[in-house]
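A.B. asks: Handing you this structure, nothing more for now.
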Amino acid sequence: MGRRKEFIGTVVSDRMDKTVVVMVERLVKHPLYGKYVKKRKKFMAHDEHNSCKVGDKVLIEETRPLSKRKRWRVKQILERAKVLESEY
């Protein structure tokens, strides 16, 4: 059996229970013009312990269907979001 697909992306939403939305960006070469174009796609990923926050950089892994749109799970949090300090 082959390896599972893995992507690195940024968490853009953590409002759901045990689910995060991860934005994955990749560079694709345009077939005619040869210019590299940014392609973005959102994936819903399972976050068992609700540990991901918006802005975190995460590694997601393909898995069996967990719900209607959820076929990925968070394998590892690579980098935590930078917390901005307010001036109050």
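Rule-based calculations on the coordinates, nothing more; no lab input. As the structure is a prediction and not an experimental result, all values here were calculated from the model. A quick note on method: Cβ atoms are made from the backbone with ideal geometry, for glycine too, and the neighbour counts reach across all protein chains shown.
A.B. asks: With respect to the numbered conditions (1) farther than 23 Å from GLY2 by Cβ; (2) in a strand (DSSP E or B); (3) of a type in the set (Gly, Ala, Ser), which one is the sole condition not fulfilled by SER67?
C.D. replies: That leaves (2) as the condition not met.
A.B. asks: Could you list, in sequence order, the residues of the stretch 34-53 that are in a strand (DSSP E or B) and surrounded by fewer than 16 Cβ atoms within 10 Å (Cβ to Cβ)?
C.D. replies: Scanning the stretch 34-53 gives TYR36, VAL37, LYS38, LYS39, ARG40, LYS41, LYS42.
A.B. asks: Checking LEU27 against (1) assigned to a strand (DSSP E or B); (2) aliphatic (A, V, I, L, M); (3) in contact (Cβ under 8 Å) with a residue 40 or more places away in the chain, only one condition comes out false. Which one?
C.D. replies: (3)
Each row is one residue, and each column tells you yes or no for (1) touching a Pro at 6+ places or on another chain (Cβ under 8 Å); (2) touching a residue at least 24 places away in the same chain (Cβ under 8 Å); (3) surrounded by fewer than 16 Cβ atoms within 10 Å (Cβ to Cβ); (4) assigned to a strand (DSSP E or B).
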| position | (1), (2), (3), (4) |
| --- | --- |
| VAL12 | no, yes, yes, yes |
| VAL21 | no, yes, no, yes |
| GLY55 | no, yes, yes, no |
| ARG73 | no, yes, no, yes |
| LYS82 | no, yes, yes, no |
